[in-house]
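Chemist: I am attaching a structure below and will ask some questions about it afterwards.
The values are calculated or read from the model by the stated rules, or taken from the named source; none is laboratory data. The model shown is predicted, which means the values in this text are computed figures rather than measured ones. Neighbour counts run over all protein chains shown; Cβ positions are idealised from the backbone, glycine included. Side chains are part of the model used for accessible areas, which takes the heavy atoms of the whole protein and leaves out ligands, DNA and RNA. Shrake-Rupley method; radii C 1.70, N 1.55, O 1.52, S 1.80 Å.
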Amino acid sequence: MKTENSEEYICQLPEPSVYQKSEYVDVDTPAREIITKLEKDKSCSYRVDSYWIYEVCHGRHIKQFHEERDASNKKVLVKQAFFLGYIDETSYSSADLEPNNVQTLNHAGALRPYYSITFKGGTDCDLIPNFKRETIVYYMCMPDFQTSVVNVKETSTCKYEIIIYTSLLCKNKLYRIKEDPINHIYCLSVDGMKWKRPIGYDILAKQKEDTPFKIPPGRQPDGSPQDFLIITAPS
């Protein structure tokens, strides 16, 4: 390769790892089977907002309610309650039919794979005649994370979205966040100089704090001189 200042380098391009190859697919336990474990355990996950409490009982129902204490401050009373949907035979994701075709959702600054379940037939909607509240629940992989409701949003009148993080879904590699691997390109100056970095390096370093050039120490771990340039580049 040649720089804009006509400096010539011989560079070795890295081989893509097995995880970067498009034909590599590693599917472990199907997502539906993972979520079924939550349902069989009859577990519930909660989110407490400033006014509402949201209860997601996996495989059963979603409930939104508000609690207050009585005058003696000893007993908790449920003042308002709505069901945001129940499980039925049409609730489960189409991903069950195409387990390798995993959809993603832009959440928390990243495209995250998800498995979705739709809860239908909740409490009647006050603002839309003959319509019952319904909710789409998005299960997302989050390593070392207890199954928890992290976000609740009413996307339109009486329609809701809930995002749940769970480490259980990480058992299936298709549901893990795909991070861009960093590959190292090794370059050696053609003129044989032991260590020669490009003239434009200093200019680039001042322009960008996160420069694509990574300058290694002057010597290798065994003490021998380092006579090549390492360029770090995303795949």
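Chemist: Fully extended, how many nm does the chain gain between Thr90 and Lys120 (0.36 nm per residue separation, minus their Cα-Cα distance)?
Modeler: Details: separation 30, 0.36 × 30 = 10.80 nm, distance 0.90 nm.
Residue separation times 0.36 nm, minus the Cα-Cα distance, leaves 9.9 nm.
Chemist: Past the 20 Å Cα-Cα mark, which pairs from Lys63/Lys120; Lys40/Lys153; Lys63/Lys159; Lys42/Lys63? Before the final figure, lay out each step's value.
Modeler: Numbers: Lys63/Lys120 12 Å; Lys40/Lys153 26 Å; Lys63/Lys159 13 Å; Lys42/Lys63 15 Å.
Pairs exceeding the cut-off: Lys40/Lys153.
Chemist: Shifting gears a bit: What distance in nm separates the two pseudo spin-label positions at Val78 and Arg60, each 7 Å out from Cα along the beta-carbon direction?
Modeler: A separation of 1.1 nm, rounded to one decimal place.
Chemist: For segment 39-172, what is the Kirkwood estimate of the hydrodynamic radius, computed as the reciprocal of the mean inverse distance between distinct Cα atoms, to one decimal in Å?
Modeler: Details: mean 1/r = 0.0626 Å⁻¹.
It works out to 16.0 Å.
Chemist: Only loop residues by DSSP count here, and only those with at most 12 other Cβ atoms within 10 Å; note down the GluC sites (Glu not before Pro) in segment 57-112 that meet that. All intermediate terms of the calculation are to be shown ahead of the outcome.
Modeler: Values: sites: Glu67, Glu68, Glu89; in loops: Glu89.
Listed in order of number, the matching sites are Glu89.
Chemist: Share of Cα-Cα pairs in segment 110-170 beyond 14 Å, in percent?
Modeler: Details: 1072 of 1830 pairs.
Percentage above 14 Å: 59.
Chemist: Going out from 0 in 10 Å bins, what whole percent of all Cα-Cα distances in segment 84-146 drops into each bin?
Modeler: That works out to 19, 38, 31, 11, 0, in percent per bin.
Chemist: Can I ask one more? Sort Arg60, Arg32, Arg112 from largest to smallest accessible area, using a 1.4 Å probe on the heavy atoms of the protein chains.
Modeler: Numbers: Arg60 90, Arg32 70, Arg112 25 Å².
The residues order as Arg60, Arg32, Arg112, largest area first.
Chemist: Could I have the simple spin-label model distance between Ser43 and Phe131, label points 7 Å from Cα toward Cβ, reported in nm to one decimal?
Modeler: It is 3.4 nm.
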